[in-house]
Amino acid sequence: MAEFVDNATVCNQLEFVDDKAVMECMLLEDCSSFEEKFAFNDGVVAVRHTLTLIADRNLAEAWLEPEFRNDSIVKGLCAIITLNDGRKILVGYSERFGASQPLHISEIALSSGRKLSDAPKITMVLESFDTSAAAVCAIN
């Protein structure tokens with residue numbers, strides 16, 4: 001599994017839904033995040049899961065590979081995220097839909113930074129939709 005480390009949110013595992021592809025990249029400290037937004041319409045609940053990963057571009061070249069991007073868009077990804085309280089949640093896989101609602105890349109952005117000393121950054125945003133919050137998982 002790929003190891004992503006960030007102080008506030010740790011994405012411990014990120015894998016393609018139908019295989020065990022590995023991608024390793026150290027995230028920038030205190031930059032990445034996970035967010036869930038609940039929308040309610042006529043008694044129907046829709047939950048949008050958004051995982052934003054930010055890394056030094058020089059250390060995340062794999063995110064720019066056409067094969068990775070295409071597989072991420074077509075196959076989708078699942079992620080296990082460790083919250084700062086130690087709980088782990090599973091995103092891109094749901095009890096109701098299984099792996100049919102995985103995370104997909106919605107955006108990749110590159111930035112140079114504002115100062116000459118700033119490392120170039122890459123931001124990858126992954127999203128999935130479900131009818132419930134991400135499940136807490138028992139994986140250690």
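A short reminder: the numbers here are calculations on the coordinates, not readings from a lab. Keep in mind the model is a prediction, meaning the values are calculated, not measured. Positions of Cβ are backbone-derived with ideal geometry, glycine not excepted, and every protein chain shown enters the neighbour counts.
A few points about this structure:
- Burial order of peptide ranges 104-110, 125-131, 76-82 (average beta-carbon count within 10 Å, highest first): 76-82, 125-131, 104-110
- Cα shape, segment 9-137, gyration tensor, a/c 1.5 rule: prolate
- Residue-by-residue Karplus 3J(HN,Hα) for segment 59-68, coefficients 6.51, -1.76, 1.60, Hz, glycine and proline x: 9, 10, 4, 4, 5, 8, 5, x, 5, 5
- Extreme residue, positive dipole direction of segment 9-137, given options T123, S94, A62 (C-beta unit charges): T123
- FRET efficiency for F97 and R69, using Cβ-Cβ distance with R0 set to 25 Å, rounded to 0.05: 0.60
- For C137, residues with placed amide H under 5 Å, excluding near neighbours: K88, I89, L90
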